Structure formats: structure tokens, C-alpha cells
1. Stretched out fully, how many nm does the piece from Ser44 to Val74 gain, at 0.36 nm a residue minus the Cα gap?
2. Among residues other than Glu123 whose Cβ falls under 9 Å from its Cβ, what is the net charge (Lys/Arg +1, Asp/Glu -1)?
3. How high is the relative contact order of region 43-137, given as a whole-number percent (alpha carbon pairs under 8 Å, six or more residues apart)?
4. Quick one: Karplus J couplings for region 64-69, per residue in order, coefficients 6.51, -1.76, 1.60, θ = phi - 60°, nearest Hz, x for Gly and Pro?
5. Taking a virtual spin label 7 Å from the Cα of Thr36 along the C-beta vector, which residues in region 71-103 bring their backbone nitrogen under 14 Å of it?
6. How large is ³J(HN,Hα) for each residue in region 47-57, as worked out from phi by the Karplus curve 6.51 cos²θ - 1.76 cosθ + 1.60 (θ = phi - 60°), to whole Hz, x for Gly and Pro?
7. Scan around Ala91 for amide H atoms under 5 Å from its own, H built in the peptide plane at 1.01 Å from N, and keep only partners 5 or more places away or cross-chain.
8. ³J(HN,Hα) across region 34-45 via Karplus (A = 6.51, B = -1.76, C = 1.60, θ = phi - 60°), whole Hz, x for Gly/Pro?
Amino acid sequence: MWYFKKKGVEIIILCLFVFFTSVSCGLKAPPMPPGTTMPGAPVSFEVRQGAGGFALSWEVEGTGPAGFRIYRAVVREDGCRDCPLSYTLLAVLGPEARRYMDRTDSSRIFVYEIRPFMGGGAEGPPARLQTHAGEEGRP
């Protein structure tokens, strides 16, 4: 009888070990080499309505990133402000890029994000801007 109790405890301990090691990896982003600093969010981010879409422009202060990723989310037409946004990657640009033209329907409401990234792929903080038919504003 004592053997079965011991076997049951071993199974419970094994199950707990497997559970906690599988859900607690802590991986959040690609690793950064020691001594590198993450670039800050782009500054002076503007979105202007242009011919056939929106023109995005931005500046960078401090250490330049390896490049930029441009994302766009469509805001729901029912006016739900608490609904989560689903971002789509539009472009991956080089480190010298400071402009991007999104040729899309300018009558919709969009939220744009520009995320700088390092050589290993880790992304820095985004700059975010919402626009509607050429109007600018922060979400």
C-alpha cells in the first residue's frame, strides 16, 4: 500500500514539474547582444492624406536602428473604442528611411505604428498615430 502512495506523489511532482517548466519560459523578444541599447520610439511622426493614400514621415533621435517596420490596423466602423486592434505588417524599411506612402482607401480610419528594430530583430517602442481622411490625432 505504501508503494502506491509513493508512486502517486512521484506522478504529481512530475506533472507539476512539466507544467511549470512548459509555461514559464519567459521568452519575450529576440535576445540583444550585451552593451547594445534599444532605439527609442520615432519622434515627429506625421500622417498626411496624399493622392491615393496616406504619407507617413518620422524622425529618430539617438542611436539609429537597423530598420523600421510599418504596421497598420483598421479601426472598426461601429465605433468600438475598447475593441482590440489587429495590426498588419505593411513594410520593412532600412535604417535611413524616414518616409513611407501607404496607397490605400483614405476614407477609412486607420492606426499606424512605426517600430524600430535592432539587427537581431528585437523591436523598440512604437510610435502610434490614428488618422481619418487626412485628420491627425493620437489614439
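Bear in mind these aren't lab numbers, they're just calculated from the coordinates by the rules spelled out. This structure is a prediction, so every number in the text was calculated from the model and none was measured. Quick reminder, even Gly has a Cβ in these numbers, built from the backbone with ideal geometry, and neighbours come from all protein chains shown.
1. Details: separation 30, 0.36 × 30 = 10.80 nm, distance 2.21 nm.
Computed gain between Ser44 and Val74 is 8.6 nm.
2. Details: positive: Arg69, Arg115; negative: none.
Counting the neighbours of Glu123, the net charge comes to +2.
3. Details: 200 pairs, mean separation 33.2, N = 95.
Relative contact order comes out at 35 percent.
4. In residue order, the calculated couplings are x, x, 6, x, 9, 10 Hz.
5. So the set is 95.
6. For region 47-57, the Karplus-derived couplings read 10, 10, 6, x, 5, x, x, 10, 9, 9, 9 Hz, x marking Gly and Pro.
7. Under 5 Å from the amide H of Ala91 lie the amide H atoms of Ile70, each far enough along the sequence or on another chain.
8. x, x, 8, 10, 6, x, x, 5, x, 10, 6, 6
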